[in-house]
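Read the figures in this text as sums done on the coordinates, not as results from a lab. If you're wondering where the values come from, they're calculated on a predicted model, not measured in any experiment. Here Cβ is always computed from backbone atoms with ideal geometry, including for glycine, and neighbour counts include all displayed protein chains.
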Amino acid sequence: MINSFSYWEQKSFLSGFDVLIIGSGIVGLFAALSLKSQKPKLKIGVLEAGFLPGGASTKNAGFACFGSISELIEELKTGSEDEIAGIIEMRWRGLKKLRESLGDRAISFEQYGGYEVFKSSETDFANSCIEQIPYFNKFLGSIIGKTDIYAVNNAKIAEFGMNGITNMIKNKYEGQIDTGKMMSALLSKVQGMGIAIFNNCRVQKIESNSNDQVLITNQGTFKASAVILATNAFGKELIPKLDVVPGRGQVLITEPIKGLKIKGSFHYNRGYTYFRNIDDRILLGGGRDLNFEAEQTLDPGITDIIQNYLEKLLNETILPEQKVKIEHRWSGVMGFGKEVKPIVEKIQPGLYCAVRCNGMGVAMGSLLGEQVAMLIDL
Ligand SMILES: Cc1cc2nc3c(=O)[nH]c(=O)nc-3n(C[C@H](O)[C@H](O)[C@H](O)COP(=O)(O)OP(=O)(O)OC[C@H]3O[C@@H](n4cnc5c(N)ncnc54)[C@H](O)[C@@H]3O)c2cc1C
């Protein structure tokens, strides 16, 4: 370690690790939780670059979802039925694990349902999705054990008070969480198990030797027998061969709205745009498809092109004729790749990774953490 640390700090806080995890997002924290539950004697540390977790896990929309019909149609173009079934199962089982591990109350889980909405100009597209409802109810039925998942529910459009939406497909098993409460509960649980989390600690380089993994950070050098990389969109910065491309997601949230009628999580434009109710407000995000190249960035930030699109949708379609103030805007970064499947693997002896949640890590993150923990043989 660097010299400014005392003998005591070095001995008790900063050395003797069996496992070090890079990244304190949902995947890194669940990897820590799973490992410690399986092997309580292991000394585990989590190194996090941010002051708070700096990735997607504290920035997301909090949809507890496993796929709208149009998203699943798109995903089936990238992989076989078996592969996509495996991914849907990971999302479903991941959500179950998240809820069981932290408790519905702690994460404010609500099963208001999910809705895919289509504008009047998209009737052909809507019909092509509606035609697929029986197929997807059967396909997902074999994975999640329910056969009444998706159904047309146009009656709700007027109830929600939206304008220009003419078709709506409901997924009755979709839910939503409070992302901040979930991450706060997860951090408390991990720390309560005696796992140290070091913030403002950016890993700059991983050096492997025959006995251990050496992590060079802005705070000094850490060593452990095994290292798990759980940096999602940032994966390539430390392991350049990983197929992970960043995709920034921009979000806005309104002020509280009196008499808000909208309740549930909503998907629009093949999942590229999404909105939900939270604390009497509307949270709305997405629009990455308007400027794909510019949004392939790890840098935080918002842009006029996307924010203007989101505001137009909010004012004209979601909350028509209501003058609602935008209270806050932010961005977070997701990890994508050629395949929808996440990368959970041993990169080399002592070095493991669990990255590339493809924008659905709230759903599958807990399971990815568990899976990478199971690869470690200590
Ligand atoms: C705007 C937005 C909306 C989303 N909405 C949803 C949703 O509704 N439902 C859903 O299922 N998913 C959603 N997601 C995706 C979901 O949030 C992610 O898939 C999930 O959080 C990924 O978790 P993770 O632990 O893999 O990565 P992250 O949460 O990104 O964590 C990686 C961590 O690694 C840290 N790190 C990076 N490099 C280093 C380094 N060199 N040294 C130390 N630490 C480092 C980062 O600071 C970060 O904290 C959304 C994402 C965004 C951005």
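Annotations for the structure displayed:
- Leading residue at positive end of dipole, the range 42-133 (Cβ point charges), from ILE44, ALA106, THR58: ILE44
- Between LYS181 and THR123, the contour length at 0.36 nm per residue exceeds the Cα-Cα span by 17.0 nm.
- Local electrostatic count at GLU159 - Lys and Arg +1, Asp and Glu -1, tallied over other residues with Cβ under 15 Å: +4
- Percent of C-alpha pairs per 10 Å bin, the range 105-225, short to long: 11, 23, 21, 15, 19, 12, 1
- GNM on the chain, alpha-carbon springs under 10 angstrom: the most fluctuating residue among GLY180, GLY23, GLY361 is GLY180.
- Degrees, to the nearest 10: 304-313 long Cα axis against longest axis of the chain: 40
- 20 Å Cα-Cα reach of LYS41 towards aspartates and glutamates, excluding residues that sit fewer than 8 places from it in its own chain: ASP18, ASP212, GLU370, ASP377
- Rounded tilt (10° steps) of 26-38 against the dominant C-alpha axis of the chain: 50
- A simple spin-label model places pseudo-atoms 7 Å from Cα toward Cβ; at GLU9 and GLN111 they are separated by 4.9 nm.
- On full extension, the segment bounded by GLU74 and GLU293 gains 76.9 nm, given 0.36 nm per residue less the C-alpha separation.
- Cα gyration tensor, the range 69-173 - rounded (a/c under 1.5), prolate or oblate: oblate
- Modelled this way, with points 7 Å down the Cα-to-C-beta line, the labels at ALA151 and ASP104 are 2.0 nm from one another.
- For ASP280 and ASN200, the difference between the fully extended length at 0.36 nm per residue and the C-alpha to C-alpha distance is 25.4 nm.
- Each listed q (0.18, 0.21, 0.24, 0.27 Å⁻¹) maps to a log10 I(q)/I(0) for the range 81-120, found by the Debye formula over equal Cα scatterers with no solvent: -0.70, -0.80, -0.86, -0.91.
- Under 5 Å between amide hydrogens, built in the peptide plane, is the criterion, and for LEU378 it picks out nothing among residues at least 5 positions away or on other chains.
- Förster radius 25 Å - calculated FRET efficiency between ALA158 and GLN307 (Cβ-Cβ, nearest 0.05): 0.30
- Listed residues LEU238, LEU368, LEU35, most fluctuating in the chain (Gaussian network, C-alpha, under 10 Å): LEU238
- For the chain, modelled as a GNM whose springs connect Cα atoms under 10 angstrom apart, the maximal fluctuation among ASN153, ASN358, ASN60 occurs at ASN153.
- Sites SER37 and SER210, calculated FRET efficiency, Cβ-Cβ separation with R0 41 Å, nearest 0.05: 0.90
- Taking the range 18-58 and dividing mean pair separation by its residue count, relative contact order in percent (alpha carbons under 8 Å, at least six apart): 53
- Selection from VAL227, VAL244, HIS267 lying farthest towards where the dipole of the chain points positive, charges on Cβ: VAL227
- 0 to 90° range, to nearest 10: angle between helix 179-192 axis and the chain longest Cα axis: 20
- Förster radius 45 Å - calculated FRET efficiency between ILE326 and GLU131 (Cβ-Cβ, nearest 0.05): 0.75
- Legend: residue pairs LYS146/LYS263; LYS77/LYS312; LYS156/LYS325; LYS43/LYS338; LYS97/LYS146, Cα-Cα distance threshold 27 Å; pairs beyond threshold, LYS77/LYS312; LYS43/LYS338.
- Estimated purely from DSSP H runs of n ≥ 4, each contributing -39500 (n - 2.57), the mean residue ellipticity at 222 nm for the chain is -9500 deg cm²/dmol once divided by its residues.
- With both residues required to sit in the chain, DSSP beta bridges show an antiparallel share near 70%.
- Cβ-placed point charges (K, R +1; D, E -1), dipole of the range 233-378 about Cα centre in debye, nearest 20: 280
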